[in-house]
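FYI, it's all coordinate maths here, none of it is from the lab. Computed from a predicted model, the values in this text were never measured in an experiment. With ideal geometry, Cβ positions are generated from the backbone for all residues, glycine too; neighbour counts draw on all protein chains shown.
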Amino acid sequence: MRSKIRAPLLALLIVNVLVMLLGFFTDAYVQLNILFIVVNVLMALSLNLVNGFTGQFSLGHAGFMAVGAYTAVFFVTKIYFAPGLLGLFLIGIYSIAGGLLAALAGYLVGLPSLRLRGDYLAIVTLGFGEIIRVVLLNMEFLGGPRGIAGIPPIPSIQIGSFEISSFYVAFFYASSWAVVCFFSLWRLCYSQYGLSFLGVREDEIAAEAMGVPTTKVKVRAFVLSSFFAGVAGSLMAHFTSYISPASFSFLLSVNAVIMVVLGGMGSLTGSILAAAIITVLPEALRPLQEITGVDLRMVIYALALVLIMIIRPTGLFGDREWPEIWRSWKTTRNLKKQTAAQKQSQSARSSS
Amino acid sequence: MQDLIQHLINGLGLGAIYALIALGYTMVYGVLQMINFAHSDVYMVGAFAAYYAARWFNLESMPGVVSFAILLLAAITGCALLGLLIERFAYRPLRNAPKLNILITAIGVSLLLEYSGQVIFGADPKVFPEVLNNTPLFEMAGVSFKLFDFLVIGVGLVAMAVLHFLIYHTKQGRAMRAVSVNPRVASILGVNVDRTIVFTFVLGSALAGVGSVLVGVKYPKIEPLMGMMIGLKAFVAAVLGGIGNIMGAVLGGLIMGLSEEMVVAYLSSTYRDAVAFGILILILIVRPSGLLGRNQTEKL
């Protein structure tokens, strides 16, 4: 048991120490972007389970994030909230509640629509995402089109005379979720059970013939994905302190898809890298906007999506994970070195 | 009663517009089995092509049928060219790629057109030039029948008839049907597959151009994101009628237009976008092949 939780704890520790060191040199703007990276990592990882590992194309991720975000915000603003450590605990509970409700929504959406394939599934999930948004628009007690403002941020924690600032608490909280998400997905996808996901992706008929209950597997993937999407939504609500139905438009779903595609469908580590790139890229392109005077960021986004599909349709990592890529890269490097050394010795011998 | 008839006419007019755009979706799907997400943005570009043509020739000062024809021509040319370019540079390199990649590319092209449109045309809405007057043709039982409704419905039906003739009674149409069934065998038998696909794209895009001008004169507010919703609804219409089926696209479009108008009139206008997706989800769950499914008619 101890060895099973050692890796996640270690990852959590390393990430937090790194960010803590980074936090000394950065301002609030950079810190907020770091938090958004974590939210996007959660979003991309959870979507990758459906789009990448199970091969079902979902375009309604934003809808499930909206469910999670609105649930968590409803609890925080309307039911009960407290500062300090208790607040963090409550936020955790509410996030789980948001995730569970999103998972329920995922179940209800997935059960009928996952019988469809390919393009149709994409359109139906898009449709459900839009319907969730329209329903939220019509819910007056959730603010309707005006949304909900003044969502409390993650509280800072006082330990004796020492205060941990809100950013570190928020990052610790968010990264805990990211680590939980990453390791549960990793262990799920690379287990014997996870082979059924890959089976459905590679050949549904063959998987069915091998006794994999394909519809059940798809719905399970969808529900788990929706759960983490809901959690990501609740985190986003706390970090932006304002949500409205417009925050969860079709574009957010597309953004999630871009991350999954860029990182490589079926590569969890790829999703993490892509989420970081996609979050930082618009900010990095800000100077360009100042030079040209027009907002070219979305144009570049879209162009990048098309170009990735044409030039490198597998994304950055394909369906391989980082350790594997690292090893194969090292092997090719060693091979090159060896051949170079051999050539050198050969030429040295021939010249003598 | 009076209201109901008025709503029926409005709904049919709206539906005819959906039908025109749905025809483009259905043709491309029929030949390539792909959803051309960018179709709705081709339609948007058509509206802007007409807008700039009108400004260029200063057409607004001389409204009339000739000006309307020039606008149509401009929109059709613009759309056809764009359709050609998209096919050549985005879709052709991926002809044999997995379906998912093609779908993502289509979404990418759609976004690219939308945001390029925002940069080039400006994000603020523009007023489409008024080249035709929406004259009431006749009045019956207190309901006025206006020119535009008839124009839109007429053009929709004519487009359907022409397409039907083209696909079932010409050589080019036979080539399209052959590619639709099996591109490889078609190419063995001497059909130029690439040219046929390009032809399909150009034809579908040209129809989007016609639709854009009709929408422009009817609802004279154009903006770079105008294609998004109407495109999705037109796609739903195509699926509703049975995708790949010409008659089905028109039927689906009319049903969509009517149901949307009825929901806005008798329920709530905030739900107008949810209707389309509600219909879509229902139809896909109950009868995925659409109303005029493949069993009755051949694909495309």
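Just a few scattered comments:
- Taking the C-alpha atoms only, the angle from helix B:99-121 to the longest principal axis of chain B is near 40 degrees.
- Nearest 10 degrees, 0 to 90: helix A:28-48 Cα axis against chain A principal axis: 80 degrees
- Lys, Arg +1 and Asp, Glu -1 on Cβ, resulting dipole of the protein assembly as shown about Cα centre, debye, nearest 20: 2420 debye
- Partner shielding of A:294-307 amounts to 6, given as the average count of beta-carbon atoms from other chains within 10 Å of each residue beta-carbon.
- Cα shape, the range B:2-286, gyration tensor, a/c 1.5 rule: prolate
- Chain B: relative contact order as a whole-number percent, Cα under 8 Å and 6+ apart: 36 percent
- FRET efficiency, 1/(1 + (r/R0)^6) with R0 56 Å, evaluated for A:Lys330 and A:Glu163 via beta carbons: 0.80
- Between the C-alpha center of the range A:7-66 and that of the range A:92-123 there is a gap of 20 Å.
- GNM flexibility winner over chain A from A:Ala62, A:Ala178, A:Ala341 (Cα, springs under 10 Å): A:Ala341
- Per-residue 3J(HN,Hα) values for the range A:89-104, derived from phi via the Karplus relation 6.51 cos²θ - 1.76 cosθ + 1.60 with θ = phi - 60°, read 4, 4, 4, x, 4, 5, 4, 5, 4, x, x, 5, 5, 4, 5, 4 Hz in sequence order (x marks Gly and Pro).
- The HN-Hα couplings worked out from phi for the range A:313-329 by the Karplus form 6.51 cos²θ - 1.76 cosθ + 1.60 (θ = phi - 60°) are x, 7, x, 5, 9, x, 9, 9, 9, 4, x, 5, 5, 4, 5, 5, 5 Hz, whole numbers, x standing for Gly and Pro.
- Nearest-ten-degree value, helix A:61-74 long axis tilted from longest Cα axis of chain A: 40 degrees
- For the protein assembly as shown, with +1 on Lys and Arg beta carbons and -1 on Asp and Glu, the positive-most of A:Ser191, B:Gly30, A:Val73 along the dipole: A:Ser191
- In units of the compact-protein estimate 2.2 N^0.38 Å, the protein assembly as shown shows a Cα radius of gyration of 1.05.
- Here's the picture: charge each Lys and Arg Cβ at +1 and each Asp and Glu Cβ at -1 in chain B, and of B:Ile70, B:Met176, B:Leu103 the one pushed furthest to the positive end of that dipole is B:Met176.
- Remark on A:Val294: its backbone amide H falls under 5 Å from none of the residues 5 or more positions apart or on other chains, H modelled at 1.01 Å from N.
- A simple rule links phi to the HN-Hα coupling: the Karplus curve 6.51 cos²θ - 1.76 cosθ + 1.60 with θ = phi - 60°, which for the range A:169-180 gives 4, 4, 5, 4, 5, 5, 5, 4, 4, 4, 5, 4 Hz, with x for Gly and Pro.
- Modelled this way, with points 7 Å down the Cα-to-C-beta line, the labels at B:Arg195 and A:Ile5 are 7.1 nm from one another.
- Modelled FRET efficiency - R0 45 Å, B:Ser144 with A:Thr26, Cβ distances, 0.05 increments: 0.10
- Linear extension gain, A:Ile311 paired with A:Ile14, 0.36 nm per residue minus alpha-carbon span: 103.4 nm
- Considering only A:Phe36, A:Phe162, A:Phe172, the Gaussian network model of chain A with Cα springs below 10 Å gives its largest mean-square fluctuation to A:Phe162.
- Peptide B:276-287 - average C-beta neighbours from other chains (10 Å radius): 4
- When chain B is treated as a GNM with alpha-carbon contacts under 10 Å, the residue of B:Tyr43, B:Tyr91, B:Tyr266 showing the greatest mean-square fluctuation is B:Tyr266.
- Near A:Ile157, the amide H atoms lying under 5 Å from its own belong to A:Ile164; only residues 5 or more places off or on other chains count, and H is placed 1.01 Å from N.
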